[in-house]
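See below for the structure under consideration.
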């Protein structure tokens with residue numbers, strides 16, 4: 001297994017269904033990111049695993065996916081799948097602007113979408129408030145052998 005860094009993050013926020021844009025519902029994401037050293041130069045994807053709860057959509061569902069840093073485009077992509085409360089497989093995709101001078105700010109806000117197959121179903125905004133979220137990240141970050149994607 002390659003060497004890299006592993007850390008935990010918790011983000012909380014809201015989502016709304018495209019069919020009901022006026023109703024915001026709570027959600028929480030608890031995940032572990034494992035990033036090989038090559039991740040930091042944009043050559044490898046990192047692994048993302050954990051749990052998602054989104055009221056009326058997913059209840060403590062296991063997530064599995066990846067995170068990819070696009071250095072030249074200054075972008076961080078999150079992409080993971082999970083099973084919704086109706087038993088259907090769903091996908092989450094988000095992009096965050098990456099600022100090399102403030103990397104933890106990149107992790108502070110996640111704006112994304114839920115998909116059912118190719119169809120977008122909902123929009124999501126979740127935050128890891130700094131400094132509380134930063135202290136959790138720093139407490140859990142550690143060099144480790146990580147899964148390669």
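At a glance:
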read-out: Simple spin-label estimate for residue 49 and residue 8 in nanometres, 7 Å along Cα-Cβ; value: 1.4
read-out: Inter-label distance for residue 19 and residue 85, nm, one decimal - labels placed 7 Å from Cα along Cα-to-Cβ; value: 1.4
read-out: Proxy reagent accessibility, fewest Cβ within 10 Å first, across 110, 125; value: 125, 110
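Every number here is computed from the coordinates shown, using simple stated rules; none is lab data. Being a predicted model, the structure only gives us computed values, none of them experimental. Neighbour counts are summed over all protein chains in view; Cβ atoms, including those assigned to glycine, are modelled from backbone coordinates with ideal geometry.
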